[in-house]
């Protein structure tokens, strides 16, 4: 794997990825609400949004899995942090299953046309339930241990940022932008919180200004 940066810069890029995932999710949600209110929103926008979400969350899952795997040797069976890692494993498994269901629902909606809208909408709601209440709810649970264990070389491996990953993300994001309805450009939305470890050295996991 050819990395484009090391340590701190890799963590900054990871934070950017998660911010842009948040922007696309908000764009997706805005499009859903517009369609529910009667606006004609093409299926292609929803398909492109799910394609972006799938790619971004595959990377998020892989990064969080590497965090888990790098931390695992530093905890013992009776340690509270071991329970935290087991919980992370559980959350990742549920999130992957929910993502697979969303992708399948998007494909079914594309095949069925408007007859498949209600089923697709229910699948989106189920995915968002997992996204917010299971995956994101514990996203900073391992921060303390990360700060104790990770150095810049490990963060570079966790981030897994490469020229190909950057190019793919940019292409998928631009596609969503090109299909987004009025008032739903992902770039117009504020992104979410930074990824764990995204701050400068010595400030891992802290939000700007904290």
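Okay, here's what the table says:
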item: Complete set of residues in the stretch 168-186 that are at pLDDT below 95 and in a helix (DSSP H, G or I); result: none
item: Test: residue in the stretch 160-167 that is without any contact (Cβ under 8 Å) to a residue 40 or more places away in the chain and assigned to a helix (DSSP H, G or I); result: yes
item: Those residues of the stretch 105-115 which are closer than 17 Å to residue 49 by Cα and surrounded by 13 or more Cβ atoms within 10 Å (Cβ to Cβ), in sequence order; result: 105, 106, 107, 108, 109, 110
item: Residue within the stretch 68-75 that is within 27 Å of residue 102 (Cα to Cα), surrounded by 13 or more Cβ atoms within 10 Å (Cβ to Cβ) and in contact (Cβ under 8 Å) with a residue 24 or more places away in the chain present; result: yes
item: So residue 27, is it at negative phi and either in a loop (DSSP other than H, G, I, E, B) or modelled with pLDDT under 95 (or both); result: no
item: Residue list for the stretch 21-34, filter: out of contact with any helix residue (DSSP H, G or I) (no Cβ under 6 Å at 6 or more places or on another chain) and crowded, with 19+ Cβ neighbours inside 10 Å; result: 25, 30, 32
item: Test: residue in the stretch 71-86 that is assigned to a helix (DSSP H, G or I) and either in contact with a strand residue (DSSP E or B) (Cβ under 7 Å, 6 or more places away or on another chain) or at positive phi (or both); result: no
item: Qualifying residue in the stretch 55-62 (condition: touching a helix residue (DSSP H, G or I) at 6+ places or on another chain (Cβ under 8 Å), modelled with pLDDT under 95, within 21 Å of residue 161 (Cβ to Cβ) and surrounded by 13 or more Cβ atoms within 10 Å (Cβ to Cβ)); result: yes
item: Of residues in the stretch 116-137 being within 30 Å of residue 80 (Cβ to Cβ) and loosely packed, with under 14 Cβ neighbours inside 10 Å, the one modelled with the highest pLDDT; result: 129
item: Residue within the stretch 103-115 that is in a helix (DSSP H, G or I), out of contact with any strand residue (DSSP E or B) (no Cβ under 6 Å at 6 or more places or on another chain), on the phi > 0 side of the Ramachandran plot and modelled with pLDDT of 85 or more present; result: yes
item: Number of the condition not met by residue 41 [criteria: (1) touching a residue at least 60 places away in the same chain (Cβ under 8 Å); (2) surrounded by 16 or more Cβ atoms within 10 Å (Cβ to Cβ); (3) assigned to a helix (DSSP H, G or I)]; result: (3)
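The values are calculated or read from the model by the stated rules, or taken from the named source; none is laboratory data. Since we're looking at a predicted model, the values are computed, not measured. Every residue, glycine as well, gets a Cβ built from its backbone with ideal geometry; the counts of neighbours run over all protein chains shown.
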